[in-house]
Amino acid sequence: MEAYVGNMVFLSGDAPMNSAGGPTSGTVTSYGSANSSVFGVTLWTANLTLSNMVGLTNNFFYENLNQQRVTLIHEFLHSYLKGASHESIANKLGLSGYNNASDAIDTWISNCYKN
Ligand SMILES: [Zn+2]
């Protein structure tokens, strides 16, 4: 399945993990099955940069709406900032003093809705 939001492309189910040209094999579904804590994954291009394509694993569809919102924005940040590492994204957001950069990004996104 494919869905489009602006320039972003969201893939799920049997969509190939190499849809953006990158080296990851298998389908979005098989990737999510092998990585149970992954809800979304920004796909690599052939040049090993991050693409505008995001795989939404089956795990994503078991998140509540607030969690899904955080996941979608989290993946958008990977794509928009071309940030492969969570540390690089957290640094660009001005975050510091965290134990887990991915969690810190998610907390930052969640807090955007509280203010
Ligand atoms: Zn991430």
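Tell me, which residue of segment 62-77 that is touching a helix residue (DSSP H, G or I) at 6+ places or on another chain (Cβ under 7 Å) and part of a helix (DSSP H, G or I) is nearest to the ligand (Cβ to nearest atom)?
For segment 62-77, the residue satisfying everything is 74.
Go through segment 1-44 and count every residue that is within 14 Å of the chain's Cα centre (by Cα) and at positive phi.
Counting residues in segment 1-44 that are within 14 Å of the chain's Cα centre (by Cα) and at positive phi gives 0.
Only one of these is in contact (Cβ under 8 Å) with a residue 12 or more places away in the chain and over 21 Å from residue 83 (Cα atoms): 66, 7, 18. Name it.
Matching residue, one of 66, 7, 18: 66.
State whether one or more residues within segment 96-103 are within 22 Å of residue 7 (Cβ to Cβ), within 11 Å of the ligand (Cβ to nearest atom) and modelled with pLDDT of 95 or more.
Looking for residues that are within 22 Å of residue 7 (Cβ to Cβ), within 11 Å of the ligand (Cβ to nearest atom) and modelled with pLDDT of 95 or more, one finds none in segment 96-103, hence no.
When you go through 12, 37, 85 one by one, which is the residue that is more than 15 Å from the ligand (Cβ to nearest atom) and either buried (at least 20 other Cβ atoms within 10 Å of the Cβ) or free of Cβ contacts under 8 Å to residues at least 60 places away in the same chain (or both)?
Residue meeting the stated conditions: 12.
Quick one: would you say residue 54 is hydrophobic (A, V, I, L, M, F, W, C) and closer than 22 Å to residue 113 by Cβ?
Taking the combined requirement at face value, the residue satisfies it.
The values are calculated or read from the model by the stated rules, or taken from the named source; none is laboratory data. As the structure is a computational prediction, the values presented were derived from the model and not from experiment. All Cβ positions, glycine included, derive from the backbone under ideal geometry; neighbour counts span all protein chains shown.
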